[in-house]
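Participant: This is the structure I have questions about; it appears just below.
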Amino acid sequence: KIANLEKYTKKKITFIEADINNKPDIQNIFDKYNIIAVIHLAALKSVPESDSNYISYYQNNISGLINILDVMNSNNVKKIIFSSSATVYGEKASPPVIESMPLISNNTYGFTKIIGEELIKNICKIDDSWSALILRYFNPAGSADSKLFHEDPKTPGGNLFPLIAACFKDKNKRNFDIYGNDYNTSDGTPVRDFIHVEDLAYAHVLGVKKIFHTTNYFNAINVGSGSPKTVLEIVKKFEEITQIKLNISFKERRSNDIESSFANIDLAAKEIGFVPKHNLDSICNSCIDLM
């Protein structure tokens with residue numbers, strides 16, 4: 001993976017394997033390198049797993065974050081970008097979701113993200129030497145280079161695009177299950193907001209610029225495409241691009257699935273100048289080499 005990243009960037013990548021649950025690991029990095037800001041993405045993220053393995057999620061996503069903040073504070077590094085999630089809005093948020101909506105989650109993963117946001121918000125409130133930006137992700141997907149990168153989850157996380165891609169890859173079993181076709185949406189299947197990973201990465205670049213040019217800054221913003229699609233629309237787009245048909249089966253709704261979730265990204269445009277450059281075709285095309 002590192003070799004592929006170096007090939008893509010044409011630069012040598014400094015990679016250190018460490019554990020945010022081990023504070024000396026973090027301190028060693030700060031001792032060795034001139035760290036001026038932190039982009040924190042090191043979270044466990046499977047919604048189903050989070051409810052069955054909640055202690056691990058508390059330890060990594062909450063205690064691990066506290067370790068990072070502690071070491072940052074001790075080393076006078078007080079600028080952070082924190083990756084959060086649309087799950088913080090819960091199942092009753094009315095789309096398009098705006099940042100002022102109440103935060104409440106129906107799963108442990110989302111709960112840990114709410115706690116993380118509140119910790120960082122409080123730090124910025126009581127210590128004006130800190131600046132922070134919370135990015136609430138809406139379903140990252142796709143790849144920057146389909147030949148070098150792709151979604152390769154170590155455990156089943158339920159991410160839609162790798163699940164669809166796997167069906168196309170298996171020539172003998174092109175069956176795909178959609179959970180729920182009786183939602184109040186255009187075709188009965190759930191609506192989601194998928195953002196290309198390159199757009200998401202660019203949002204981080206813009207975010208870092210923001211916190212370096214604004215004193216005692218704090219904000220939480222949605223990072224999505226702002227262009228919602230149903231699950232069936234996404235499957236059909238893959239079929240259109242590949243000219244391959246899947247055997248689609250509609251199953252009963254899953255208990256924690258939300259009917260419709262997509263972002264209002266006006267605040268992202270206003271605060272950091274974020275405008276997505278990719279669309280659904282771009283995301284699907286970046287997955288084609290998996291098939």
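The values are calculated or read from the model by the stated rules, or taken from the named source; none is laboratory data. All of these numbers come straight from a predicted model, not from anything done at the bench. All Cβ positions, even for glycine, are placed from backbone atoms using ideal geometry, and neighbour counts span all protein chains on display. When the accessible area is computed, the model is the full protein with side chains, heavy atoms only, and any ligands, DNA or RNA have been set aside. Shrake-Rupley method; radii C 1.70, N 1.55, O 1.52, S 1.80 Å.
Participant: Give a residue-ordered list of calculated ³J(HN,Hα) values for the stretch 165-171 (Karplus: 6.51 cos²θ - 1.76 cosθ + 1.60, θ = phi - 60°; whole Hz; x for Gly, Pro).
Facilitator: So the Karplus estimates, Gly and Pro as x, are 4, 4, 5, 5, 5, 8, 5 Hz.
Participant: Can you give me the % of accessible surface on the chain that is carbon or sulfur? Probe 1.4 Å, all protein chains present, nothing else counted.
Facilitator: On the way: 7840 of 15380 Å².
Here carbon and sulfur together make up 51 percent of the probe-accessible area.
Participant: Please list, ordered by chain and number, the residues whose modelled amide H lies under 5 Å from the amide H of S260; skip anything fewer than 5 residues away on the same chain.
Facilitator: V191
Participant: Are there chymotrypsin sites (Phe, Trp or Tyr not before Pro) in the stretch 1-43 that DSSP puts in a loop and that have at most 13 other Cβ atoms within 10 Å, and which ones? Please list the in-between numbers first.
Facilitator: Values: sites: Y8, F15, F30, Y33; in loops: F15, Y33.
When the chymotrypsin sites (Phe, Trp or Tyr not before Pro) of the stretch 1-43 are filtered for loop state and at most 13 Cβ neighbours within 10 Å, F15, Y33 remain.
Participant: Another one. Taking a probe of 1.4 Å, how large is the accessible area per residue of the stretch 156-291, in Å²?
Facilitator: Details: 6850 Å² over 136 residues.
For the stretch 156-291, the solvent-accessible area averages 50 Å² per residue.
Participant: Can you sort L135, L160, L119 by solvent-accessible area, 1.4 Å probe, largest first? All intermediate terms of the calculation are to be shown ahead of the outcome.
Facilitator: Details: L135 0, L160 30, L119 55 Å².
Highest to lowest solvent-accessible surface, that is L119, L160, L135.
Participant: Here's a follow-up. If DNA, RNA and ligands are ignored and the probe is 1.4 Å, what is the ranking of K121, K79 by accessible area, most exposed first? Don't skip to the answer; put the middle values down first.
Facilitator: Values: K121 105, K79 45 Å².
The ranking, largest first, comes out as K121, K79.
Participant: Could you sort S225, S74 by their accessible area in this structure, using a 1.4 Å probe and putting the largest first? All intermediate terms of the calculation are to be shown ahead of the outcome.
Facilitator: Details: S225 25, S74 85 Å².
Of S225, S74, the descending order of accessible area is S74, S225.
Participant: Given a 1.4 Å probe and the protein chains all in place, what does the accessible area of I98 round to, in Å² to the nearest 10?
Facilitator: 70
Participant: Could you tell me the accessible area of I66 in Å² (1.4 Å probe, neighbours in place), rounded to the nearest ten?
Facilitator: Only protein atoms counted, so the area is about 80 Å².
Participant: Is it possible to state the helix-based mean residue ellipticity at 222 nm for the chain, with each DSSP H run of 4+ residues giving -39500 (n - 2.57), the sum divided by total residues, to the nearest 500 deg cm²/dmol? What is it? If you can, show how the numbers build up before the last one.
Facilitator: Details: 11 runs with 109 residues, N = 291.
Result for the chain: -11000 deg cm²/dmol, rounded to the nearest 500.
Participant: Along Cα→Cβ, 7 Å out, is where each label goes; now give me the distance between the ones at N4 and V205 in nm to one decimal.
Facilitator: Here the answer is 2.1 nm between the modelled labels.
Participant: Multiply the residue separation of S100 and N216 by 0.36 nm, subtract the distance between their alpha-carbon atoms, and state the gained length in nm to one decimal.
Facilitator: Details: separation 116, 0.36 × 116 = 41.76 nm, distance 2.01 nm.
In short, 39.8 nm is gained.
Participant: Going by average Cβ density within 10 Å per residue, which order do the peptides 42-51, 191-200, 245-254 take, highest to lowest?
Facilitator: Working: 42-51: 18.3, 191-200: 21.9, 245-254: 12.3.
Taking the mean over residues of other Cβ atoms within 10 Å, the ranking is 191-200, 42-51, 245-254.
Participant: In whole Hz, with x marking every Gly and Pro, tabulate ³J(HN,Hα) for the stretch 265-271 from phi via Karplus 6.51 cos²θ - 1.76 cosθ + 1.60, θ = phi - 60°.
Facilitator: 10, 4, 5, 4, 5, 5, 7
Participant: To continue, here is another question. Using the Karplus equation 6.51 cos²θ - 1.76 cosθ + 1.60 (θ = phi - 60°), what ³J(HN,Hα) coupling, rounded to whole Hz, does each residue of the stretch 71-77 give in order, writing x for Gly and Pro?
Facilitator: 5, 4, 4, 5, 9, 6, 10
Participant: Positive end of the dipole of the chain, charges at C-beta (+1 Lys, Arg; -1 Asp, Glu), about the Cα centre: which of P228, A268, Q243 has its Cα farthest in that direction?
Facilitator: Ranked along the dipole, the leading option is Q243.
Participant: Shifting gears a bit: Using a Gaussian network model on the chain with a 10 Å cutoff between Cα atoms, which of H40, H213, H278 fluctuates the most?
Facilitator: H213
Participant: For S84, which sequence-distant residues (separation of 5 or more, or a different chain) have an amide H within less than 5 Å of its own amide H, given hydrogens modelled in the peptide plane?
Facilitator: Under 5 Å from the amide H of S84 lie the amide H atoms of L135, R136, Y137, each far enough along the sequence or on another chain.
Participant: To the nearest 10 Å², what's E271's accessible area with a 1.4 Å probe?
Facilitator: Result for E271: roughly 40 Å² accessible.
Participant: Stretch D182-E259 to full length: gain in nm at 0.36 nm per residue minus the Cα-Cα span? Write down the numbers at each step before the final one.
Facilitator: Values: separation 77, 0.36 × 77 = 27.72 nm, distance 0.96 nm.
This chain segment gains 26.8 nm when fully extended.
Participant: Long-range amide H contacts for A43: which residues qualify at under 5 Å (H placed 1.01 Å from N, peptide plane, sequence gap of 5 or more or a different chain)?
Facilitator: Long-range HN contacts for A43: none found.
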